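First the structure, in the form of structure tokens, and then the observations on it.
The values are calculated or read from the model by the stated rules, or taken from the named source; none is laboratory data. This is a predicted model, so every value here is computed, not measured. As a convention, Cβ positions derive from the backbone with ideal geometry for all residues, glycine included, and neighbour counts pool all protein chains shown. Please note that ligands, DNA and RNA were not included when accessible areas were found on the heavy atoms of the full protein model with its side chains. Shrake-Rupley method; radii C 1.70, N 1.55, O 1.52, S 1.80 Å.
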Amino acid sequence: MEAILQRLRSLRISVTPQRLAILGALESRRDHPTAEQIYEQVRREMPAISFNTVYKTLEIFCQKGLIVKVNPLHEVARYDVQTHHHTHLICRGCHLIVDLDWPEAPLPEPPGVLSQDFRIEHQSLIYWGLCPRCRETRISKEDA
Ligand SMILES: [Zn+2]
Ligand SMILES: [Zn+2]
């Protein structure tokens, strides 16, 4: 708890009970939840909280670098409380996003970036495919 407060203060995010609850909800899961899922979770302990507050708070957290948005599917934003470099496995069937802990994953600097004077803030490595459940469904469909 003290660590969370310090983290928020060091990022100059003012601390409110709502923000603490939202951060707590994010920390409690590793499935890269949507704003809607965080809202549903926080609402259980804070019935008066609005979706708008949750959504805006998540956006502030993103801007401050407390969380990152994982949005490769161009649908609803998914939020990731793990901001350190990690690899994602994404199922194109059910949109499951799994963290792969691979600190030594190679992330080459793309050519031309330095000449463009572009400052890279975040890099990510994504592997797309089908999760075991979706593979199974697909195989049984193909059999039918
Ligand atoms: Zn799947
Ligand atoms: Zn992740």
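Using θ = phi - 60° and the Karplus curve 6.51 cos²θ - 1.76 cosθ + 1.60, what whole-Hz ³J(HN,Hα) does each residue of the stretch 94-103 get, with Gly and Pro shown as x?
3J(HN,Hα) across the stretch 94-103, in whole Hz: 10, 6, 5, 10, 10, 7, 10, 7, 8, x.
In Å², what does the accessible area per residue of the chain work out to with a 1.4 Å probe?
Numbers: 9540 Å² over 144 residues.
Counting only protein heavy atoms, the per-residue value for the chain is 66 Å².
Mind checking the stretch 40-70 for chymotrypsin sites (Phe, Trp or Tyr not before Pro) that DSSP puts in a loop (not H, G, I, E or B) and that have at most 13 other Cβ atoms within 10 Å?
Values: sites: Phe51, Tyr55, Phe61; in loops: none.
Passing sites in the stretch 40-70 do not exist.
So which trypsin sites (Lys or Arg not before Pro) in the stretch 46-117 pass both tests, a DSSP loop state and at most 16 other Cβ atoms within 10 Å of the Cβ?
Lys64, Arg92
Fully extended, how many nm does the chain gain between Glu36 and Cys62 (0.36 nm per residue separation, minus their Cα-Cα distance)? Don't skip to the end; give the middle numbers.
Values: separation 26, 0.36 × 26 = 9.36 nm, distance 1.60 nm.
Separation in residues times 0.36 nm, less the Cα-Cα distance, equals 7.8 nm.
In nm, give the distance between the simple-model label positions of Gln6 and Tyr55, each being 7 Å from the Cα along the Cα-to-Cβ direction.
3.5
How much of the DSSP bridge set in the stretch 85-144 is antiparallel, in percent, rounded to the nearest 5?
On the way: 4 of 9 bridges.
Expressed as a percentage, antiparallel bridges in the stretch 85-144 total about 45.
Quickly estimate the mean residue ellipticity at 222 nm for the chain, helices only: each DSSP H run with n ≥ 4 gives -39500 (n - 2.57), and the total goes over all residues, rounded to 500.
About -12000 deg cm²/dmol.
Residues with amide H under 5 Å of Val70's amide H, sequence separation 5 or more or different chain, H placed in the peptide plane at 1.01 Å from N; which?
Excluding prolines and chain starts, which carry no amide H, the hits are Arg78, Tyr79, Asp80.
Using the eigenvalues of the Cα gyration tensor, what equivalent ellipsoid semi-axes result for the chain when each is taken as the square root of five times the eigenvalue, whole Å, largest first?
Values: eigenvalues 169, 118, 33 Å².
They are 29, 24, 13 Å, listed from largest to smallest.
At 1.4 Å probe size, with no ligands or nucleic acids counted, give the accessible surface of Glu121 in Å², nearest ten.
Roughly 140 Å² of Glu121 is accessible to a 1.4 Å probe.
Considering only protein heavy atoms and a 1.4 Å probe, what is the carbon-and-sulfur percentage of the accessible area of the chain?
Details: 5030 of 9540 Å².
For the chain, the apolar C and S fraction of the accessible surface comes to 53 percent.
At Glu121 and Leu89, where each label point lies 7 Å from the Cα along Cα→Cβ, what is the point-to-point distance in nanometres?
Going from the Glu121 label point to the Leu89 one covers 3.0 nm.
Which value, in Å² rounded to 10, gives the accessible area of Trp128 with a 1.4 Å probe and all protein chains present?
In the full protein context, Trp128 sits at about 140 Å².
Could you tell me what percent of the DSSP beta bridges with both partners in the chain are antiparallel, to the nearest 5? Intermediate results must be reported in sequence, preceding the final value.
Details: 8 of 13 bridges.
If we restrict to bridges inside the chain, about 60 percent are antiparallel.
Using protein chains only and a probe of 1.4 angstrom, how many square angstrom of Arg30 are accessible, to the nearest 10?
120
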